[in-house]
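Undergrad: I have a structure here, written as structure tokens, and I will follow up with some questions on it.
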Amino acid sequence: MKRKRGFVQIAILHLLKEEPMHGYQIMKELEERSNGAYSASAGTVYPALQELEDQGMIERDADTQKKVYSIHKNGLKRLDEAKHVEGDFWVEWKERMAWKNSEEFIQLRTAMESWEKEFRHAVKQTRGNSEGVLELISFINEMTERLKKKSVQ
């Protein structure tokens, strides 16, 4: 399953809006802004930087020895579009990173991984079984409706 880097990309854009930085600076700043709750890895930050660069949201300064990134006008536009956050972005950043390190989230993620494994197994079992496919679709629709009701509460 592909990991999403959307929130990290927005965080990177926020940092580059403040000043140009190289990758290691970005990693350290992300960790600092989460009060240590997020430990940025090269495996997350550099692919996010590459994706942002490919999308024309940031650019590299070719005149420096280190790869120094700065925000492009497209990145500023993306930040304006992402203003779904009420208040300070970095407050939400800290809260989100603290949540991802909480025991509750770890338990939830473990349960989701177990569910995904069983779901894939159930899908394999229904191959060539039209009745089984319909039963699985019904189950998924029922769980989806239950989740919708839960999120409204």
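The values are calculated or read from the model by the stated rules, or taken from the named source; none is laboratory data. The structure displayed is predicted, hence computed values, not measured ones. Backbone-built Cβ (ideal geometry, glycine too); neighbour counts: all protein chains shown.
Undergrad: When the stretch 77-107 is examined, which residues are found to be of a type outside the set (Asp, Glu), within 23 Å of Met21 (Cα to Cα) and loosely packed, with under 14 Cβ neighbours inside 10 Å?
TA: Answer for the stretch 77-107, where residues must be of a type outside the set (Asp, Glu), within 23 Å of Met21 (Cα to Cα) and loosely packed, with under 14 Cβ neighbours inside 10 Å: Lys77, Lys83, Val91.
Undergrad: Which of the residues spanning the stretch 116-153 are within 26 Å of Ala37 (Cβ to Cβ) and either modelled with pLDDT of 90 or more or among the hydrophobic types (A, V, I, L, M, F, W, C) (or both)?
TA: Glu116
Undergrad: Something else now. Among the residues in the stretch 13-23, are any free of Cβ contacts under 8 Å to residues at least 40 places away in the same chain and either under 30 Å from Ile140 (Cα atoms) or not in a loop (DSSP other than H, G, I, E, B) (or both)?
TA: Yes, because at least one residue in the stretch 13-23 is free of Cβ contacts under 8 Å to residues at least 40 places away in the same chain and either under 30 Å from Ile140 (Cα atoms) or not in a loop (DSSP other than H, G, I, E, B) (or both).
Undergrad: Do we find a residue being farther than 30 Å from Glu18 by Cβ and touching a helix residue (DSSP H, G or I) at 6+ places or on another chain (Cβ under 7 Å) anywhere in the stretch 129-148?
TA: Within the stretch 129-148, one or more residues are farther than 30 Å from Glu18 by Cβ and touching a helix residue (DSSP H, G or I) at 6+ places or on another chain (Cβ under 7 Å).
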